[in-house]
Amino acid sequence: QLTASPFLRIGQLSNVDLNEDIHELETELPRQHPNEIPHNEKLLSLKYESLDYDNSENQLFLEEERRINHTAFRTVEIKRWVICAMIGILTGLVACFIDIVVENLAGLKYRVVKGNIDKFTEKGGLSFSLLLWATLNASVVMVGSVIVAFIEPVAAGSGIPQIKCYLNGVKIPHVVRLKTLAIKVCGVILSVVGGLAVGKEGPMIHSGAVIAAGISQGRSTSLKRDFKIFEYFRRDTEKRDFVSAGAAAGVSAAFGAPVGGVLFSLEEGASFWNQFLTWRIFFASMISTFTLNSVLSVYHGNAWDLSSPGLINFGRFDTEKMGYTIQEIPIFIFMGVVGGILGALFNALNYWLTMFRIRYIHRPCLQVVEAMLVAAVTATVGFVMIYCSRDCQPIQGSTVAYPLQLFCADGEYNSMATAFFNTPEKSVVNLFHDPPGSYNPMTLGMFTLVYFFLACWTYGLTVSAGVFIPSLLIGAAWGRLFGISLSYLTKGSIWADPGKYALMGAAAQLGGIVRMTLSLTVIMMEATGNVTYGFPIMLVLMTAKIVGDYFVEGLYDMHIQLQSVPFLHWEAPVTSHSLTAREVMSAPVTCLRRIERVGTVVDILSDTSSNHNGFPVVESNPDTSQVAGLRGLILRSQLIVLLKHKVFVERANLSLVQRRLKLKDFRDAYPRFPPIQSIHVSQDERECMIDLSEFMNPSPYTVPQEASLPRVFKLFRALGLRHLVVVDNRNEVVGMVTRKDLARYRLGKEGLEELSLAQT
Amino acid sequence: MAPLRCLMRLLLLVLVFALGPAAGLRRRLLALQSLVEAEELAEELWGAGLPGDLPELEPECRRLLAAFAEGSAALTDCLGRRARPVRLCQACNLQYRHLLAQYGNIARAVGNSSESHNCAKSILTSDRLQIVVTLSEFFNETWEAANCANCLKNSSEGLSNSTVVFLDLFNKSLTCFEHNLQGQTIYVSPNNYTEVCKNCNETYRMLNDLYNNLQRMNSQGGESGHSAHLCIDVEDAMNITRKLWSRTFNCSLPCSDTVPVIAVSSFILFLPIVFYLSSFLHSKQKKRILILPKRIQSNASLVNIQEKYS
């Protein structure tokens, strides 16, 4: 009953008698679907592979462990701390670099445009200023978009979804490369300077993660340099731990929130958590914010005054004036509801836009043009708003960086210009801290409306930029508006300070968009430096999440779904207990025998239709008709290293002096194993035999066929597996469960849905 | 003597408790007790070697205090008089210097008697209110807030050169306004100031530019110093002039070129629509190729999924 293929295939055999006819029917059914479909959210891309968090405990590993003594393991532990410190320092330095460059370039741009506007206000011809502003923005953004679209598309966006996927165990191609980091840093500088409605905080998380991945490996394949250090950490398990530390350091540098960073890593990423790792991550975060702090303090001229801990600093909230009472709690909760609704609206709009972009704007040139158009329109909208605004405020005693007079009287500035004619970070802080009466309600209303659509339109462009700051800005604007109207309604009560409501609005809006809970609360608390706001911020974020989740899911989850990433959530879908491993698994499985012909191995590896990564190893029985029990699991990467070093049985007999393969040989090839095509195997060698027993993982995790989906899911998720072998009661391989088999079940609107696999 | 006193107090206490209900008697006994306590205090003071009445301020210290009081009165008077239009830094500098010196005298002065008991201690820190300190702090803060140091010379005597120039120019422009407004009062005909605008434009521009220059210089040099504010006199003078110029006289009428701005902006706003439409119509939609999974589909699962879908 074997199939005609030359490989040993197991799995169909035992089932054919059970449901032969249904099997036939099933193979016919999907054919009715068109083979090519437009992109939609219910797909899983084949592009994404899984990371191996599970350690392969083969004989080489045991040998190495025996060889390394106790002190050596202590050195490894010390090295981990050193790496964490370096991650913190470098992340902090990158954050400083971004901050300083953005400040200077944006300052230059605004000075030029301001000079131009001032000049033309007197003489007439403001349309030239508009053109100048739009052209400047568009050209800067063009450069930023070109490098992203043509050199490294994975650097687009905030990078948080990608890092989330990476920490979840999905290998996103190129996501932690040095080249990505360089593009990301330049890209974010250019897009912020280009005046887009973006922030530079989200990309910091990605940058931190790349730095962590790079340092922990002690080499860079982009630069082709190997420093021969930290070789012990060259595997997915260790790398992933460091990446979570890097992400935490990134958050910490962005917001000056070390605890928030640790919690971010905990909430968004690491499914594998222990207290030592937490402590190390916290260490990295603290070092990162400290580095940023000290370098920026030197840059700002007051050396060692460590009081500007993040890229964005919300400034001090004076507790006396900004205190809150119990009566305000319902108001805050109401703001949470508003934030949830607005966030859901934002996400829904962005969903349609992203879908359109994936389907129609997939060519790099079009993406660049789109980014340029957005930049030009952002400038134009800002200009028109400023032009039409008649809201003038006295310049005395205000802290406006680039006061635009335009049609205001001498000594006054246009209040709309403080919101538009500034980098978004500064605008947020202005909205929090400007004294009551600095903005007129009309200005704020218009600003919120316009900026909401601009930010929504901007997120998802092919530029590297974050969504944190625009969300905060939208929220702060409507929150302030809310506060002003509140104090109007209550005839100017002392407690209705608009700054406080701006903060709550910002929290609500951000919570409504990204749907983070614990880490966002702590980040906001740390960024404001005010612990007493913890309670209202928590309530606001909770409400925003509950209300928002009622409509659509969070922005990051949505983008992960739209990218067709096989992302595993915390739990299996709740109504999936009736599904068993038998239905979930892939079958038939391509198996290898313990002593296998080299030709067969090469053929299996080069077979493009079955691009598998793990192969169960079964007992090599002389008569192949007999299905044999499971003996172990071997990975594609291991096979490739074996073939490359030509570890064949015959050759071992020939040359006794041949060096034994060590674990180091496998690590050196990590993480970019050569493709099978690059390995040359001669016709003679094809006839050799290869003995896998030394290299395979002799005890892979297995489940019986009857295990339910949630059970399989739990095992898979908790252990960070990549392959889970399904066996029958005779320990014979029946099928294989991989990440995509589990990720395709999702709880949709009408119950359990199944996603289909697609080539993207 | 001490054991006797203790005995007496004990006796009193016993009496109080024993005769608790009799309120009148109790009150009398309490009075008796307080009398005893007063006696004790006097005794203790006597023992420390001090006179029974309060220690008096030495004449020298009293003189210093009086001087400070007069100085602060003078400064307060000056500040109040010069509040509007603001001339604090020009007018009250002298008084402020004086007060500083007097405060310094008190702080430094050492009385005659013992080292532990000097004027500084008895005037500045011997009570909860510490009114002298509070007063001097208030004046210092006001001076800081007004940023007067900015328009005074470094040695703090007299106005700095740039301030003098500015004030000259300011006076000149005010005179110019007055000259050109002769015959008409400000609030009668609000739209008829073309004369002023034309004639005083040059002076006003000069004043404005000078102020902007001062401000720029200040913010550049002021990075090491405290704030980017000029001193209040200069700021206020400029404020008044600007208000007169643009609000009252309505002189700064910028040209508004709404039509070209609208044209350009609508052109730019129109571009994305064209872009999206054209890419929708002309760009080839990206298709995904479905891959059939290798899977055993049993009866149960088929039913399961179909149930869920229906």
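What about A:Asp118, is it open to solvent by less than 30 Å² (accessible area, probe 1.4 Å), among the acidic types (Asp, Glu) and in contact (Cβ under 8 Å) with a residue 60 or more places away in the chain? Spelling it out, it is not the case that A:Asp118 is open to solvent by less than 30 Å² (accessible area, probe 1.4 Å), among the acidic types (Asp, Glu) and in contact (Cβ under 8 Å) with a residue 60 or more places away in the chain. Restricting A:Ser139, A:Ser129 to those that are modelled with pLDDT under 90 and hydroxyl-bearing (Ser, Thr, Tyr) reduces the list to A:Ser129.
Would you mind stating whether A:Thr521 is modelled with pLDDT under 90, among the polar types (S, T, N, Q) and either touching a Phe, Trp or Tyr at 6+ places or on another chain (Cβ under 9 Å) or not assigned by the TED database to the domain that holds A:Leu263 (or both)? Answer is no for this residue. Taking every residue in the range B:266-285 that is over 18 Å from A:Ala379 (Cβ atoms) and pairing it with any residue that is of a type outside the set (A, V, I, L, M), at least 6 positions away or on another chain, the pairs with Cβ-Cβ distances below 7 Å are B:Ser279/A:Tyr360; B:Phe280/A:Tyr360; B:Ser283/A:Tyr360; B:Gln285/A:Pro38; B:Gln285/A:Arg359; B:Gln285/A:Tyr360.
The condition of being open to solvent by 10 Å² or more (accessible area, probe 1.4 Å) and farther than 26 Å from A:Leu342 by Cα holds for only one of A:His577, A:His569, A:His559, that being A:His577. Would you call A:Val154 surrounded by 17 or more Cβ atoms within 10 Å (Cβ to Cβ), free of Cβ contacts under 8 Å to residues at least 40 places away in the same chain and in a helix (DSSP H, G or I)? So A:Val154 passes the test.
As a summary of the residue check, A:Lys714 satisfies the conditions (1) over 27 Å from the mean Cα position of the chain (by Cα); (2) surrounded by fewer than 21 Cβ atoms within 10 Å (Cβ to Cβ); (3) modelled with pLDDT of 85 or more except for the one numbered (1). Filtering the range B:271-293 to residues that are under 13 Å from A:Leu373 (Cα atoms) and open to solvent by less than 80 Å² (accessible area, probe 1.4 Å) leaves B:Leu271, B:Pro272, B:Val274, B:Phe275, B:Tyr276. Within the set A:Gly88, A:Gly107, the sole residue that is part of a helix (DSSP H, G or I), within 14 Å of chain B (Cβ to nearest Cβ) and under 26 Å from A:Leu292 (Cα atoms) turns out to be A:Gly107.
Just checking, does the range A:64-80 include any residue being more than 21 Å from A:Gln217 (Cβ to Cβ), touching a residue at least 12 places away in the same chain (Cβ under 8 Å) and either crowded, with 20+ Cβ neighbours inside 10 Å or touching a Lys or Arg at 6+ places or on another chain (Cβ under 6 Å) (or both)? Looking for residues that are more than 21 Å from A:Gln217 (Cβ to Cβ), touching a residue at least 12 places away in the same chain (Cβ under 8 Å) and either crowded, with 20+ Cβ neighbours inside 10 Å or touching a Lys or Arg at 6+ places or on another chain (Cβ under 6 Å) (or both), one finds none in the range A:64-80, hence no. Residues in the range B:197-218 that are of a type in the set (S, T, N, Q) and either farther than 13 Å from B:Thr241 by Cβ or out of contact with any helix residue (DSSP H, G or I) (no Cβ under 9 Å at 6 or more places or on another chain) (or both): B:Asn199, B:Asn201, B:Asn212, B:Asn213, B:Gln215, B:Asn218. Scoring A:Gln705 on the criteria (1) more than 13 Å from chain B (Cβ to nearest Cβ); (2) farther than 30 Å from A:Phe666 by Cα leaves a single failure, condition (1). When each of A:Ser678, A:Ser699, A:Ser708, A:Ser682 is tested for being open to solvent by 30 Å² or more (accessible area, probe 1.4 Å), more than 21 Å from A:Asn168 (Cβ to Cβ), in contact (Cβ under 8 Å) with a residue 12 or more places away in the chain and small (Gly, Ala, Ser), the lone residue that passes is A:Ser699. Please determine, by comparing only the residues of the range B:236-265 that are within 9 Å of another protein chain (Cβ to nearest Cβ), hydroxyl-bearing (Ser, Thr, Tyr) and out of contact with any Asp or Glu (no Cβ under 9 Å at 6 or more places or on another chain), which one is least open to solvent (accessible area, probe 1.4 Å). In this case the residue turns out to be B:Ser265. Selection of helices (runs of 4 or more DSSP H) fully inside the range A:312-409 by the criterion of at least 2 residues being modelled with pLDDT of 80 or more and within 14 Å of another protein chain (Cβ to nearest Cβ) returns A:329-360, A:364-388. Here is the figure for the range B:81-102: residues that are free of Cβ contacts under 8 Å to residues at least 24 places away in the same chain, assigned to a helix (DSSP H, G or I), more than 26 Å from B:Cys119 (Cβ to Cβ) and open to solvent by 50 Å² or more (accessible area, probe 1.4 Å) total 1.
Of the residues A:Ala465, A:Ala507, the single one that is aliphatic (A, V, I, L, M), in the same structural domain as A:Arg359 (by the TED database) and under 30 Å from A:Gly437 (Cβ atoms) is A:Ala507.
Taking first residues from the range A:434-449 that are touching a residue at least 60 places away in the same chain (Cβ under 8 Å) and partners that are outside any helix (DSSP H, G or I) and hydroxyl-bearing (Ser, Thr, Tyr), the Cβ contacts under 9 Å between residues at least 6 apart in sequence or on separate chains come to A:Asp434/A:Ser398; A:Asp434/A:Thr399; A:Met446/A:Ser389; A:Phe447/A:Tyr439. Of the helices (runs of 4 or more DSSP H) lying entirely inside the range A:667-760, the ones with 1 or more residues being out of contact with any helix residue (DSSP H, G or I) (no Cβ under 8 Å at 6 or more places or on another chain) and under 30 Å from A:Lys42 (Cα atoms) are found at A:709-719, A:739-743. For the range A:580-597, a tally of residues being within 30 Å of A:Met689 (Cα to Cα), outside any strand (DSSP E or B) and open to solvent by 10 Å² or more (accessible area, probe 1.4 Å) returns 2.
Here B:Lys284 passes the criteria (1) modelled with pLDDT of 75 or more; (2) facing another protein chain (nearest Cβ under 7 Å); (3) in a loop (DSSP other than H, G, I, E, B) except the one numbered (2). Among the residues examined, A:Val657 qualifies as modelled with pLDDT under 80, assigned to a loop (DSSP other than H, G, I, E, B), in the same structural domain as A:Met585 (by the TED database) and among the β-branched types (Val, Ile, Thr).
Scanning the range B:66-80 for residues that are hydrophobic (A, V, I, L, M, F, W, C) and surrounded by fewer than 16 Cβ atoms within 10 Å (Cβ to Cβ) yields B:Ala66, B:Ala69, B:Ala73. A residue that is part of a helix (DSSP H, G or I) and touching a residue at least 12 places away in the same chain (Cβ under 8 Å) cannot be found anywhere in the range A:621-628. Within the set A:Met416, A:Met446, the sole residue that is among the hydrophobic types (A, V, I, L, M, F, W, C) and open to solvent by 20 Å² or more (accessible area, probe 1.4 Å) turns out to be A:Met446.
The values are calculated or read from the model by the stated rules, or taken from the named source; none is laboratory data. Note that this is a predicted model, so its numbers are computed, not measured. FYI the Cβ positions are ideal-geometry reconstructions off the backbone, even for glycines, and counts take in every protein chain you see. Ligands, DNA and RNA are stripped out before the accessible areas are found, and what is left, the full protein with its side chains, is counted by its heavy atoms. Shrake-Rupley method; radii C 1.70, N 1.55, O 1.52, S 1.80 Å.
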